[in-house]
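A short write-up of the structure that comes next.
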Amino acid sequence: MILLTAIAAGSLAGWGYARWSGVTWQPPVFRASWLVALGFLPQLMAFYLPQTRRLLPDDLASISLICSQLVLLVFTFVNRRLPGMSILMLGLGCNLGVIVANGGFMPLTVDAAVRLVDQTVLNTLAVGERISSASKDILLPETQILLPWLADRFVSPPFQPYRFAFSLGDVLIAAGTFWLLLVGWPVATGTTISGDA
């Protein structure tokens, strides 16, 4: 959700800034953009599609998550010269680091879970257990988390209709995405650009 917000805000701000500057705003041109689809596919199968996620044991789900992060890191490295991409790459690296350090899933602090998960559901969860088959998070007290400052420890404000937990890495990913789209690929009106995909 924080990434979607950054995409929307960055695109809108980039378009507005380009219009104010008298240039035409276009989305950045990426190299090897197929890596994004390849990187998202393991997460799609492991967490988002009910038909496939229920067939995958936790071990395969965690491997899918790690492989997904690695492919996306390769994509950011290939495109590292684009503005904001180094920040995005750092955020992905932070998330991958804490996921690998804690057994293959993103740790969710108990404090964050109390503010996010229904108490009835929370009472049924054991320490170290995934929140649900659709979740990338495992419930852990902060004292048991390796690299706890990189865990899902922040929770969106209570006035939002859809609440979610997020990490420092997520913030960096969102910041890099916002900057990437804010700068965009401004060109003079009537000019066309092409890129290596």
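Of all residues in segment 44-75, those being in contact (Cβ under 8 Å) with a residue 40 or more places away in the chain and outside any helix (DSSP H, G or I) number 1.
Pairs meeting the criteria (first residue in segment 150-175 and without any contact (Cβ under 8 Å) to a residue 24 or more places away in the chain and closer than 15 Å to D111 by Cα, second residue in a loop (DSSP other than H, G, I, E, B) and not β-branched (V, I, T), beta carbons under 9 Å, at least 6 apart or on different chains) are P157/R163. Within segment 138-157, is there a residue that is in contact with a Lys or Arg (Cβ under 6 Å, 6 or more places away or on another chain), buried (at least 16 other Cβ atoms within 10 Å of the Cβ) and in a loop (DSSP other than H, G, I, E, B)? Checked against the condition, which is being in contact with a Lys or Arg (Cβ under 6 Å, 6 or more places away or on another chain), buried (at least 16 other Cβ atoms within 10 Å of the Cβ) and in a loop (DSSP other than H, G, I, E, B), segment 138-157 yields at least one hit.
Yes/no per residue for (1) closer than 22 Å to A165 by Cα; (2) of a type in the set (S, T, Y); (3) loosely packed, with under 15 Cβ neighbours inside 10 Å; (4) out of contact with any Cys (no Cβ under 8 Å at 6 or more places or on another chain):
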{"position": "L4", "(1), (2), (3), (4)": "yes, no, yes, yes"}
{"position": "V23", "(1), (2), (3), (4)": "no, no, no, yes"}
{"position": "Q43", "(1), (2), (3), (4)": "yes, no, no, yes"}
{"position": "A46", "(1), (2), (3), (4)": "yes, no, no, yes"}
{"position": "L49", "(1), (2), (3), (4)": "yes, no, yes, yes"}
{"position": "D58", "(1), (2), (3), (4)": "yes, no, no, yes"}
{"position": "S62", "(1), (2), (3), (4)": "yes, yes, no, yes"}
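Taken together, the values in this text are just the output of simple stated rules run on the coordinates, not laboratory data. No experiment lies behind these values; they were computed from the predicted model shown. Glycine also receives a Cβ, built like all others from the backbone with ideal geometry; neighbour counts cover every protein chain displayed.
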